[in-house]
Amino acid sequence: MYRCEHCKEVVGPRIAINRTVVETRPVKYPVREKVNRARHPRTGRIIFVDDHGGEGHETVRELALCARCATAARSA
Ligand SMILES: [Zn+2]
């Protein structure tokens, strides 16, 4: 059971929650040298490889919505 964070109605038991992302922000991760352990493909020895970093989006805020509100939020 949970309460929809949009229409404030209580949803009964055994009904799946719809966690809907409503706000994201862009994020960049820097390159980090020699931080990940791996095996050398030929020798099998443990080596340290670089993390290439990257960019994307991360969630800032999400809401627990009932099925009706989640459908409306997705189509909007
Ligand atoms: Zn709702």
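Being part of a strand (DSSP E or B) and open to solvent by less than 50 Å² (accessible area, probe 1.4 Å) narrows it down to one of VAL35, VAL27, VAL22, so name that one.
Details: VAL35 fails: open to solvent by less than 50 Å² (accessible area, probe 1.4 Å); VAL22 fails: open to solvent by less than 50 Å² (accessible area, probe 1.4 Å).
On inspection, the qualifying residue turns out to be VAL27.
Restricting the search to segment 21-72, which residues are polar (S, T, N, Q) and either more than 16 Å from the ligand (Cβ to nearest atom) or over 22 Å from the mean Cα position of the chain (by Cα) (or both)? Reasoning before the result, please.
If we filter segment 21-72 for residues that are polar (S, T, N, Q), which is where we start, we get 24, 36, 43, 59, 71.
Within segment 21-72, THR24, ASN36, THR43, THR59 qualify.
Quick one: ALA16 ticks every box in (1) modelled with pLDDT under 95; (2) farther than 24 Å from MET1 by Cα bar one, so which box is it?
If we test ALA16 against (1) modelled with pLDDT under 95; (2) farther than 24 Å from MET1 by Cα, just (2) comes out false.
Looking at segment 1-29, which of its residues are without any contact (Cβ under 8 Å) to a residue 40 or more places away in the chain, under 21 Å from VAL60 (Cβ atoms) and of a type in the set (Val, Ile, Thr)?
The answer is THR24, VAL27.
Keeping to segment 1-19, report how many residues are touching a strand residue (DSSP E or B) at 6+ places or on another chain (Cβ under 8 Å) and either open to solvent by less than 70 Å² (accessible area, probe 1.4 Å) or of a type in the set (Val, Ile, Thr) (or both). Break it down into steps so the answer makes sense when it comes.
In the first step, residues of segment 1-19 are kept if they are touching a strand residue (DSSP E or B) at 6+ places or on another chain (Cβ under 8 Å); the result is 1-6, 9-11, 17-19.
With the extra rule that they be either open to solvent by less than 70 Å² (accessible area, probe 1.4 Å) or of a type in the set (Val, Ile, Thr) (or both), the set shrinks to 2, 4, 10-11, 17-18.
The qualifying residues number 6.
The values are calculated or read from the model by the stated rules, or taken from the named source; none is laboratory data. As the structure is a computational prediction, the values presented were derived from the model and not from experiment. Glycine gets a Cβ as well: all are built from the backbone with ideal geometry, and neighbour counts include every protein chain shown. The area values use the complete protein model at the heavy-atom level, side chains included, leaving out ligands, DNA and RNA. Shrake-Rupley method; radii C 1.70, N 1.55, O 1.52, S 1.80 Å.
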